[in-house]
1. At 0.36 nm per residue, and after removing the present C-alpha to C-alpha distance, how many nm does the segment from Thr242 to Ala134 gain when stretched out fully?
2. Order these by the 10 Å Cβ neighbour count, fewest first: Thr202, Thr111.
3. By how many nm would the segment from Gln160 to Arg224 lengthen if fully extended, with 0.36 nm per residue of separation less the alpha-carbon distance?
4. Just name one of Ala116, Pro173, Ala90: the one whose Cα is farthest towards the positive end of the charge dipole of the range 53-201 (beta-carbon charges, Lys/Arg +1, Asp/Glu -1).
5. At a Förster distance of 51 Å, what's the computed FRET efficiency of Arg176 paired with Ser26, Cβ-Cβ distance as r, to 0.05?
6. Just check the range 53-201 against the gyration tensor rule for me: Cα atoms, a ≥ b ≥ c as the square roots of the eigenvalues, rounded for a/c under 1.5, and otherwise prolate or oblate depending on whether a/b exceeds b/c.
Amino acid sequence: MVAFYGRRGIAVASAAALALVVLGVSLGLWQLRRAEEKASMQSAQDRAAAAPALELGGAPAVGGRPAGEILPPPSAIAGAHVQAIGVFEASRSVFLDNRTRKGVAGLHVLTPLKLAGASAHVLVLRGWVARDPADRNRLPALQTPPGPVRVEGMAVADLQQPMMLGEDPVPGPGDRLWQHFSFEKFARWSGTPPYPVIVRQTVEPDYQDGLARDWNQPGASFDRHRAYAFQWFALTAAAIATWLILLWRFRGSSDVERQAG
């Protein structure tokens, strides 16, 4: 046992245990920080959802409240609860590919809304629709109301995008199935620069469009980070326990050798 658990072996085991302890504690603390960040993000989203909606564009007052400023600076409303009245331009809808919902492949629908009482367009992330299983390039038929609609949701500065392995192709005039989105890309494709904020529609409208809007919340996974932190701290405890057992065995073997000598 002494030959196996010699001083050199104990030194190697001690170095390995120390490395695992440093790694486990560092990653565990990082996961706790991420959990706190996401918990704070979720709280901010919950507060925004409960607050009165900020009116975009030149729409009339709603519920006795005066209309908000016409298109305030994007940084002032990112993350805010907003609503807008306008007309969807369905012919310029784009479909963002490789978006899954409950394990089903599908598309996110992004449609410009021409604001009532203003000349600007706001992009609305309307919801999710399943992809055609027989032909992935076939776009679904959307139910888009032709007249004025009210859209209510959260203002977001950007969208979560899938990983891009190569150069993003430039869509042609008739290409409406996209992998990635950017405001600059949409402006070049449509010829109309949109207001650089997207309204992620969260409130069910008073019309039927067949789209799902149970969005994944960016701040909703903080419990998972806490679980990861627990795993890293458990690994750290296991490394310390293993090192103590090896040290105890080495000392026990050394005592037996001394007594035999």
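Bear in mind that the values in this text are calculations on the coordinates, not laboratory data. Just so it is clear, the model here is predicted, and its values are computed rather than measured. Note that each Cβ is placed from the backbone with ideal geometry, even for glycine, and that neighbours are counted across all protein chains shown.
1. Additional length available on full extension: 33.4 nm.
2. Numbers: Thr202 18, Thr111 23.
Lowest count first: Thr202, Thr111.
3. Stretched out fully, the Gln160 to Arg224 stretch lengthens by 21.1 nm.
4. Ala90
5. Values: r = 46 Å, r/R0 = 0.90.
Using R0 = 51 Å, I get an efficiency of 0.65.
6. Numbers: a/c = 1.84, a/b = 1.71, b/c = 1.08.
In terms of gyration-tensor shape, prolate.
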